[in-house]
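**Q** Could you have a look at this structure, given as structure tokens, before my questions?
The values are calculated or read from the model by the stated rules, or taken from the named source; none is laboratory data. Just so you know, these numbers come straight off a predicted model, no measurement behind them. Please note: Cβ atoms are built from the backbone with ideal geometry, for glycine as well, and neighbour counts cover all protein chains shown.
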Amino acid sequence: MNRAVFLDRDGTLIEEAGYLDRLERMVFFPYTVDAVRALNRAGFTVVVVTNQAGIARGIVREAFVAEAHDAISAKLVAGGARIDAYYYCPHYRTGVVERYVRGCDCRKPGPGMLRQAAADLDLDLARSFVVGDRAHDVGAAHAVGARGILLRTGLGRGEEAALAPDVTPAAVLDTLADAAAWILDQP
Ligand SMILES: [Mg+2]
Ligand SMILES: [Zn+2]
């Protein structure tokens, strides 16, 4: 079985942009490529897991999500790094795009995307990590017995200040670069 690092997208891999709906608004952090490459080289399967409620809310076109992920992969590949798979949750309880208006178990902190990835990619979730800028990223990690790392990029500083007592990250770190170094340092 493989170990994975699950990466949130917005605020973690790229700058938080509200509902990202155009490639021109996509901004990489300066260390994103290096951090992902370091995880690749250490043998981790690197998987993006992103809540995209903007789809159910009619703000983000679903086709754009694929475009955005292709653009992320192109940038990474140019730097010798790789995302092994992308999963997104298009659902939202109070959306407007009827086929996506519902509760689901894939919207983080639900475990659905992580479990699907584990089935698809033969992942050992108990030996995996989830990195993100929101409490729900840490919650998703807990839901599957993985370790959750909260970052202070994106919305992370506000999330850190308001963490519920039952949300206990394994680490709270400044950036994805720090998270990659922290993960590589674990026994
Ligand atoms: Mg995020
Ligand atoms: Zn969902």
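**Q** Among 45, 50, 94, which is within 18 Å of the chain's Cα centre (by Cα) and more than 20 Å from residue 15 (Cα to Cα)? Step through it out loud before you land on a result.
**A** On the way: 50 fails: more than 20 Å from residue 15 (Cα to Cα); 94 fails: within 18 Å of the chain's Cα centre (by Cα).
So the residue among 45, 50, 94 that is within 18 Å of the chain's Cα centre (by Cα) and more than 20 Å from residue 15 (Cα to Cα) is 45.
**Q** Being within 16 Å of ligand 1 (Cβ to nearest atom), under 24 Å from residue 158 (Cβ atoms) and at pLDDT below 95 narrows it down to one residue among 54, 18; which is it?
**A** The match here is 18.
**Q** When you look at residue 84, is it charged (D, E, K, R), farther than 16 Å from residue 10 by Cβ and within 16 Å of ligand 2 (Cβ to nearest atom), yes or no?
**A** no
**Q** Let me ask something else. Among the residues of the stretch 125-144, which ones are assigned to a helix (DSSP H, G or I) and more than 11 Å from ligand 1 (Cβ to nearest atom)?
**A** Scanning the stretch 125-144 gives 125, 126, 127, 138, 139, 140, 141, 142, 143, 144.
**Q** Further question on the same structure: Under 9 Å between Cβ atoms, at least 6 apart or on separate chains: pull out the pairs that start in the stretch 88-104 with a residue that is farther than 27 Å from residue 70 by Cβ and end on any residue that is more than 11 Å from ligand 2 (Cβ to nearest atom) and of a type in the set (D, E, K, R).
**A** Close Cβ pairs satisfying both conditions: 94/57.
Results for (1) surrounded by 14 or more Cβ atoms within 10 Å (Cβ to Cβ); (2) farther than 22 Å from residue 84 by Cα; (3) aromatic (Phe, Trp, Tyr); (4) in contact with a Leu (Cβ under 7 Å, 6 or more places away or on another chain), shown as yes or no for each residue.
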position: 108; (1), (2), (3), (4): yes, no, no, no
position: 125; (1), (2), (3), (4): yes, no, no, yes
position: 135; (1), (2), (3), (4): yes, yes, no, yes
position: 144; (1), (2), (3), (4): yes, no, no, yes
position: 147; (1), (2), (3), (4): yes, no, no, no
position: 168; (1), (2), (3), (4): no, yes, no, no
position: 181; (1), (2), (3), (4): no, no, no, no
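**Q** A follow-up question, please. Working only within the stretch 142-160, note down all residues that are under 25 Å from residue 30 (Cβ atoms) and among the hydrophobic types (A, V, I, L, M, F, W, C).
**A** If the condition is that a residue be under 25 Å from residue 30 (Cβ atoms) and among the hydrophobic types (A, V, I, L, M, F, W, C), then 149, 150, 151, 155 are the ones that fit.
**Q** A further question on this structure: Give me the pairs: first residue in the stretch 6-20 and among the small types (Gly, Ala, Ser), second residue not in a strand (DSSP E or B), beta-carbon distance under 6 Å, and six or more apart or on different chains, which are they?
**A** Hits for this filter: 11/133; 11/153; 11/154; 11/155; 17/25.
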